[in-house]
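This report concerns only the one structure given below.
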Amino acid sequence: MQAPRLRQHPVANKKVLVRCDFNVPLENGTITDDRRITEALHTIEFLRSHGNSVILCSHLGRPKGVSLDCSLAPVAQRLSSLLKTDVHLLADCVGPEIRERCNQLKPGEVVLLENVRFHPEEEKNDPEFAQQLAANAEYFVNDAFGTAHRAHASTAGVADYLPSSAGFLIEKELEFLGRAVESPKHPFVAIMGGSKVKDKIALINNLLPKVDRLIIGGGMSYTFLKAQGKEIGKSLLDETSIEYAGQLLAEHGDKIVLPTDFVVTPDFAPDGPTSIVDADHIPADQMGLDVGPSSRVTFSGIIHTAGTVLWNGPVGVFEMDAFANGTKSIAESLAASSAMTIVGGGDSAAAVEKFGVADKMTHVSTGGGASLEFLEGKILPGIAALGKLGS
Ligand code: AMP
């Protein structure tokens, strides 16, 4: 995807509105993972160093109207300590008082607007609301990759009223995710997991012609076994996708690698009895919640010889320790691999964090849904909108 980039258009001495994705996890008002904040620092520091004043905005959570639980106050606090400067949280994101405050900002000063989703107009991409947001600034930078698949006022609409470009985080995401799908080093291996086939059909269709191997694990693998006529017991089945899975196996069976054994248990619970069975012998009263040891060895071997690996979705219920080994083994094999390793956000990003290997990956995407849509080949509205009024 082409978009004007801040790096190529180093705006200076302006008031710059920056859309970030500060939708961070909170527990009792405390940020439990600040990666989305630290990933935004490059753009913010760059703008400050060019004499700009920086007006940050973001959503947090899914508030219905104004809600204290979804205030960006904890983010302002964390930003202040990371940037070593006071980052004031303004009481709202639009209106004459906010505009006036933004107008008075000095070069290098940083403020954070309050949650854009306190206004229902945000998600409706209301033009008047977008215009009001734009009125706070002279230039717009979108750096919210995690929200770039949404056409909202602060991600897309605002670019109708200001010259704009993509920040460094979006640039990084486009570069790594783009390289994986456009010019991967072969062998190119995709690993796909997660619960439902139907959620990944567009991704499979886009990737299958490009990859050398497609490893399928997790809840979605049982639909493929079913399509092969195997018994899957009580394992997850996506009934509506059996035919599609059968077609894929018929047409691309040489590329598709399915698990050959599973960890099974009678109920979806973390502490039930478990056993290891091969893929032809899943008992009728049991469900597979992880891939088994021989599948782990096969998957690791494929990863070991790969030039590029793209991972999207856990291969087991990794949130429960008894069913985490398959996903852990993938994470560790990626960490040990010399391939370009790209982790496509969401649950796989959580898994590499959980197993302590996130920093061993070439790239861990900050966007779950956005990375999925990008890898499916879709246009992301928050990126497509940039540069309409110049950059
Ligand atoms: P998705 O949101 O489709 O990427 O699915 C991610 C979820 O799939 C994770 O929460 C996993 O716990 C779950 N998952 C992975 N393997 C299985 C499985 N064998 N059975 C049920 N759920 C699974």
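Highest-first packing order for the peptide set 85-97, 120-132 is 120-132, 85-97, based on the mean count of other beta carbon atoms within 10 Å.
Sorting the segments 203-209, 214-220 by their residues' average number of neighbouring beta-carbon atoms within 10 angstrom, most packed first, yields 214-220, 203-209. Accessible surface comparison of E114, E243, E373, probe 1.4 Å, protein chains only, largest first: the order is E243, E373, E114. Restricting the count to DSSP beta bridges whose residues both fall in segment 157-310, what percent are antiparallel, rounded to a multiple of 5? Percentage antiparallel, nearest 5: 45. Expressed as a fraction of 2.2 N^0.38 Å, the C-alpha radius of gyration for the chain is 1.07. Put R99, R5, R117 in order of accessible area, highest first, and with a 1.4 Å probe you get R99, R5, R117. The HN-Hα couplings worked out from phi for segment 19-36 by the Karplus form 6.51 cos²θ - 1.76 cosθ + 1.60 (θ = phi - 60°) are 8, 10, 9, 9, 7, 8, x, 10, 10, 6, x, 9, 6, 9, 8, 9, 4, 5 Hz, whole numbers, x standing for Gly and Pro. Residue by residue, segment 193-205 carries 3J(HN,Hα) couplings of x, x, 8, 10, 5, 4, 6, 10, 4, 5, 5, 4, 4 Hz when phi is fed to the Karplus relation 6.51 cos²θ - 1.76 cosθ + 1.60 (θ = phi - 60°); x denotes Gly or Pro.
Here the ratio of the Cα radius of gyration of segment 101-175 to 2.2 N^0.38 Å is 1.11.
Put simply, the amide H of V257, placed in the peptide plane, has neighbours under 5 Å in L214, I215, I216, leaving out anything fewer than 5 places away on its chain. Centroid-to-centroid, using Cα positions, segment 255-313 and segment 188-215 are 17 Å apart. Couplings 3J(HN,Hα) for segment 312-321, derived from phi with the Karplus relation 6.51 cos²θ - 1.76 cosθ + 1.60 (θ = phi - 60°), are 9, x, x, 8, x, 7, 5, 5, 9, 3 Hz, where x marks Gly and Pro. From helices alone, the chain scores -9000 deg cm²/dmol at 222 nm; the rule is -39500 (n - 2.57) for each run of n ≥ 4 DSSP H residues, then divide by the residue total. Under 5 Å from the amide H of R5 lie the amide H atoms of A166, each residue being 5 or more positions distant or on a separate chain, with H modelled from the backbone and absent for Pro and chain starts. With the cut-off at 1.5 for a/c, could you classify segment 7-64 from its C-alpha gyration tensor as rounded, prolate or oblate? Prolate, because a/c is 1.5 or more and a/b exceeds b/c.
When both segment 51-74 and segment 360-381 are represented by their alpha-carbon centers, they are found 23 Å apart. All C-alpha to C-alpha distances of segment 184-374, sorted into 5 Å bins beginning at zero, yield P(r) values of 1, 9, 18, 22, 22, 16, 9, 3, 0 percent in whole numbers.
For the chain, DSSP calls about 20 percent of its internal beta bridges antiparallel. For G307, the residues whose amide H sits under 5 Å from its own are F188, V189, ignoring neighbours fewer than 5 places away on the same chain, with H placed 1.01 Å from N. Our compactness index for segment 71-208, the C-alpha radius of gyration over the empirical 2.2 N^0.38 Å, is 1.31. Is the shape of segment 1-149 rounded, prolate or oblate, going by the alpha carbon gyration tensor and its root eigenvalues a ≥ b ≥ c, with a/c under 1.5 for rounded and a/b larger than b/c for prolate? Rounded shape, in that the Cα axes give a/c under 1.5.
When you work out D = kT/(6 pi eta Rh) for segment 169-210 at 4 °C and 1.567 mPa s, using the Kirkwood radius from C-alpha pairs as Rh and the Stokes-Einstein form, the result is 111 µm²/s.
Among H152, H304, the sequence by solvent-accessible area, most first, with a 1.4 Å probe is H304, H152. On the basis of the beta-carbon distance and an R0 of 30 Å, T362 and K84 show a calculated FRET efficiency of 0.50.
The values are calculated or read from the model by the stated rules, or taken from the named source; none is laboratory data. Computed from a predicted model, the values in this text were never measured in an experiment. Cβ coordinates were reconstructed from backbone atoms using ideal geometry, including for glycine residues, and neighbour counts include every protein chain displayed. These accessible areas exclude ligands, DNA and RNA; they are computed on the full protein's heavy atoms, side chains included. Shrake-Rupley method; radii C 1.70, N 1.55, O 1.52, S 1.80 Å.
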